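Quick notes on the structure that follows.
Bear in mind that the values in this text are calculations on the coordinates, not laboratory data. Just so it is clear, the model here is predicted, and its values are computed rather than measured. With ideal geometry, Cβ positions are generated from the backbone for all residues, glycine too; neighbour counts draw on all protein chains shown.
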Amino acid sequence: MKIEVITVPKEGETENGDAYFVSETEERITLAVIDGIGHGRDAHLASQMAVECLEKYCDRDLDYAVRKCHETLGKTRGAVLAIACITDCEIRFSGVGNIAAMGLSAGGIGESRFTSMSGVIGRNLKVVKTFSYPYREGDTIIMHSDGIRGLNITNYDISRGLRELGEAILSDNRVDDDSTILVAR
Ligand SMILES: [Mn+2]
């Protein structure tokens with residue numbers, strides 16, 4: 001699987017409140033996008049803490065990893081996050097708060113939006129739930145923070161190069177916030 005991530009801080013900020021996490025083993029690939037609440041240093045600290053937590057717990061059950069992040073981020077301003085775990089024929093997905101994630105089949109015919117629960121990691125977490133979606137080699141997975149808004153993926157030729165696709169999505173839909181786009185195929 002090829003993975004491309006572009007993440008940029010809000011204009012005028014030196015620290016990025018968004019973060020991402022990628023882990024690849026023989027059995028599975030784990031992808032996560034994290035958005036620390038607000039922007040600037042405190043948002044950065046929260047999202048980095050979530051990355052460290054995922055490094056420790058990404059080989060565990062997704063719900064467990066999400067709950068561990070919630071415990072760990074209790075003294076921060078909090079973050080929203082989404083984690084996708086991809087194996088041979090399945091994507092397992094757990095998200096809390098406003099991170100968009102979707103899977104697109106190779107022909108561009110099927111599009112499924114992954115379901116996230118409401119809440120904020122470290123502040124307010126009620127239901128944690130993992131959803132399962134079919135995955136086939138060649139499918140494209142897109143995840144992005146709310147620094148990208150109004151994305152209509154049907155406007156894009158998803159068969160183009162991943163880097164180029166990510167750059168196009170970012171430049172067309174970026175708003176004034178930390179922005180992160182992750183594309184994988
Ligand atoms: Mn944001």
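Among the residues making up segment 1-38, those that are assigned to a strand (DSSP E or B), more than 15 Å from the ligand (Cβ to nearest atom) and among the acidic types (Asp, Glu) are Glu4, Glu24. Applying the criterion of being surrounded by fewer than 19 Cβ atoms within 10 Å (Cβ to Cβ) and either within 18 Å of the chain's Cα centre (by Cα) or touching a residue at least 60 places away in the same chain (Cβ under 8 Å) (or both) to the residues of segment 103-127, the residue that is farthest from Asp35 (Cα to Cα) is Glu111. Name the single residue that is nearest to the chain's Cα centre (by Cα) among those in segment 130-157 being surrounded by 12 or more Cβ atoms within 10 Å (Cβ to Cβ), closer than 22 Å to Met117 by Cβ and polar (S, T, N, Q). Among them, the one singled out is Ser145. For segment 158-185, filtering for residues that are free of Cβ contacts under 8 Å to residues at least 24 places away in the same chain and either surrounded by fewer than 15 Cβ atoms within 10 Å (Cβ to Cβ) or within 16 Å of the ligand (Cβ to nearest atom) (or both) leaves 5.
In this structure, Ala82 does satisfy being in contact with a Phe, Trp or Tyr (Cβ under 9 Å, 6 or more places away or on another chain), in contact (Cβ under 8 Å) with a residue 24 or more places away in the chain, within 15 Å of the ligand (Cβ to nearest atom) and closer than 23 Å to Ala168 by Cβ.
If you go through segment 128-147 and keep only what is without any contact (Cβ under 8 Å) to a residue 40 or more places away in the chain and in contact with a helix residue (DSSP H, G or I) (Cβ under 6 Å, 6 or more places away or on another chain), you end up with nothing.
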